[in-house]
Amino acid sequence: MASYRIAVGTLDGQNITEHFGRSKGFRIIEIDQDTDEEKNIADIEVVHSEDCSHGHDQAMLEEKIQALLDFRVTAILVAQIGPGSERLVTKNGIQVLVAEGELAKAMERIKKYFKRHHFDN
C-alpha cells in the first residue's frame, strides 16, 4: 500500500491557517495513494522562544524540520513560508505546498497532484 504524509499548518483542523515559521503546530495526515483515504496520524505542537519576532531562530526551524522528518512527512501544507525556511525544508527532502482556506478543498487538489506525479515516499 503506497501512502504519503503531509504536515498541515492548522489551528482548527478545518482551515490552513499557519505560516511555517510562526506555526504553533501541525496535523500529520497520511493519505493512501490508492484509495485517497486520509488518516490523522498526530497533532504535533511546536514550542517557540519568546524572541521569535526578530527573525526565525535557526535552531528552532531545524527542530521543527526534524520533528517533521521523524514523522516521515513527504510535504508540508502551510498558508505562507519565507524563502529561507523554504530552502531549509526542501533541502531536507520535504516538498512545500502553499494554500489558504479550507483544508478539505486543498487536500483534494493535493491528492490529484500526487496521483499525476506518481509520488512514492
Filter pass, D43 being loosely packed, with under 13 Cβ neighbours inside 10 Å and either touching a helix residue (DSSP H, G or I) at 6+ places or on another chain (Cβ under 7 Å) or assigned to a loop (DSSP other than H, G, I, E, B) (or both): no
Selection within region 1-42 - hydroxyl-bearing (S, T, Y) and more than 18 Å from R109 (Cα to Cα): S23
Of all residues in region 23-37 being touching a helix residue (DSSP H, G or I) at 6+ places or on another chain (Cβ under 9 Å) and part of a loop (DSSP other than H, G, I, E, B), the one that is modelled with the lowest pLDDT: S23
Extreme residue, nearest to A104 (Cα to Cα), among residues of region 59-78 that are within 10 Å of the chain's Cα centre (by Cα) and of a type in the set (A, V, I, L, M, F, W, C): L77
Members of region 67-101 that are more than 23 Å from A2 (Cα to Cα), of a type in the set (S, T, N, Q) and either free of Cβ contacts under 8 Å to residues at least 60 places away in the same chain or part of a helix (DSSP H, G or I) (or both): S85
Verdict on R5 being under 28 Å from H117 (Cα atoms), crowded, with 17+ Cβ neighbours inside 10 Å and modelled with pLDDT of 90 or more: yes
Those residues of region 61-102 which are surrounded by 18 or more Cβ atoms within 10 Å (Cβ to Cβ) and among the hydroxyl-bearing types (S, T, Y), in sequence order: T74, S85
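The rows are residues; the columns are (1) hydroxyl-bearing (S, T, Y); (2) assigned to a strand (DSSP E or B); (3) modelled with pLDDT of 95 or more.
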residue	(1), (2), (3)
L11	no, no, no
G21	no, no, no
K39	no, yes, yes
S49	yes, no, no
E62	no, no, no
Residue in region 102-119 that is farther than 21 Å from N15 by Cβ, modelled with pLDDT of 95 or more and in a helix (DSSP H, G or I) present: no
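The values are calculated or read from the model by the stated rules, or taken from the named source; none is laboratory data. Not measured: the values here are computed from a predicted model. Here Cβ is always computed from backbone atoms with ideal geometry, including for glycine, and neighbour counts include all displayed protein chains.
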